[in-house]
Each structure stands twice: as C-alpha cells, then as structure tokens.
Amino acid sequence: MGDIKIRSLDDNDKEWLKRLIISEWASINVVTRGKVHYIDKLPGYVAIQESEKVGLITFSISKDECEIITLNSLKENLGIGTALLEELENFATSKGCKRLWVITTNDNTDALRFYQMKGFRIKTIYTDAIKESRKLKPEIALRGLNDIEIRDEIELEKILKKKRNS
Ligand SMILES: CC(C)(COP(=O)(O)OP(=O)(O)OC[C@H]1O[C@@H](n2cnc3c(N)ncnc32)[C@H](O)[C@@H]1OP(=O)(O)O)[C@@H](O)C(=O)NCCC(=O)NCCS
C-alpha cells in the first residue's frame, strides 16, 4: 500500500471531480444551510495513492471561517479522509481561520463518527432543514445511509488554534 500524497485541486481534475461528485452527491451542486455550492467552482485538495486519485475535499472560506463542503474517500479506513482533513486544517489555520465547520445529515453516522474522532463537536442540529434543501436540490434522496430518512442538517465544528512558531 503506497503513501498518500495530498495536492491542490487543479483544472486537470475537473472531469474526474464532476464524475465523482455526481456519483457521490447526486448532482454537481451541494446545499448547506440554504446555500447552493457548485463544487467545480470551489478550491480543494486531492489525495493520490500510487498515481491514483483516491479522495477529494472541497471547501469555502468566508471571513475567518472555513466550511468543508464535500469530503470523499474512495478507499476507506486507510487514512485518506484524515490526510485531506489535516491538509485543510493547516491551510485554514495559516489563512487565519478561527473555525472549521461542516454540515452533514442525520443519516450519515459514519461522518458523525469520523468528524467527532477528529476533534469536531456537534454545534447545532437544524431539524427538518432538508425539506428546504430539497427545494434547491430535488435530487436529495428521501432515505440515505442505513436506510434512515434524511431530515436534519447537523453542524459540526472544530475551533482552530494558531500554530506556535517553532
Ligand atoms: C467519512 C469519510 C470521508 C472517512 O474517510 P476515510 O478515508 O475512511 O477516513 P480515514 O481512513 O482517515 O479514517 C477512518 C478510520 O480509519 C482509521 N485509520 C486511519 N488510518 C488508518 C490506517 N492506515 N489503517 C487502518 N485504519 C486507519 C482512522 O483512525 C479512522 O478511525 P476512527 O474513526 O476510529 O478514528 C468516508 O467514510 C467517506 O468518504 N464517506 C462518504 C462521504 C461522506 O459522508 N463524507 C462526509 C460528509 S462531507
């Protein structure tokens, strides 16, 4: 098993990104807190293992906050999600962001577990928010992972600490 390398997303990744996002998130756009994000317009990082693209994180920085818009690992439990998250955390900290946050849905118990293991805490639960999201993105399924009905948005956050100069 080769090392995982992380690099910035670039224009040559666009076709791969579109295929991945449409297959994982049902369309090229993702809705969080009533906002539509077009993933092919966002910055991000790609994980590479043995010349193969094996993961993607995309994000949006506003003022001093960084929102993770999508995170996908194509080979789970090998450290790819962790490596992408660490790269973004370092970048966001270097840009002066004070918090890293993400919206997931109530069915996504894997993501809830993953983020909490990485130091995130649940900030707010927006009950029934997906009803509004479906107006902006009708492709959102009624049932999600584990066959759980998708209803609520859950916001998780990690407060970022300035790195001390060594
Ligand atoms: C959530 C998700 C991104 C996690 O990605 P991942 O690549 O499996 O994450 P990692 O491998 O870094 O971590 C998963 C577990 O494997 C463990 N792990 C890390 N490196 C490992 C290694 N070399 N060998 C074995 N296990 C390892 C991690 O410690 C972690 O365990 P923990 O949860 O007990 O801490 C992935 O499940 C995914 O793509 N889900 C679908 C999309 C999604 O829901 N995205 C999140 C919402 S935006």
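Structure above, values below:
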quantity	calculated
For a label point 7 Å along the Cα-to-beta-carbon line of Met117, residues of region 69-107 with backbone N under 16 Å	72-86
Region 58-73 residues near the modelled Arg99 label - backbone nitrogen below 17 Å, point 7 Å along Cα→Cβ	60-69
Which listed pairs, of Lys5/Lys163; Lys35/Lys163; Lys18/Lys163; Lys98/Lys135; Lys75/Lys135, have C-alpha distances above 29 Å, in listed order	Lys35/Lys163; Lys18/Lys163; Lys98/Lys135; Lys75/Lys135
Square roots of five times the Cα gyration tensor eigenvalues for the chain, Å	24, 20, 16
Segment Ile28-Glu149, length gained on full extension (0.36 nm per residue, minus Cα span)	41.4 nm
FRET efficiency estimate (nearest 0.05) - Cβ-Cβ, Asp10 to Asn90, R0 25 angstrom	0.85
Directionally averaged shadow of region 32-106, computed from the convex hull of its alpha-carbon atoms, nm²	5.8 nm²
Trypsin sites (Lys or Arg not before Pro) restricted to region 26-83 and DSSP loop, no more than 11 other C-beta within 10 Å	Lys63
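Values quoted throughout were computed directly from the atomic coordinates according to the rules given, and no laboratory measurement underlies them. These numbers were taken from a predicted model, which means no experiment stands behind them. Here the Cβ is made from the backbone with ideal geometry for all residues, glycine too, and neighbour counts use every protein chain on show.
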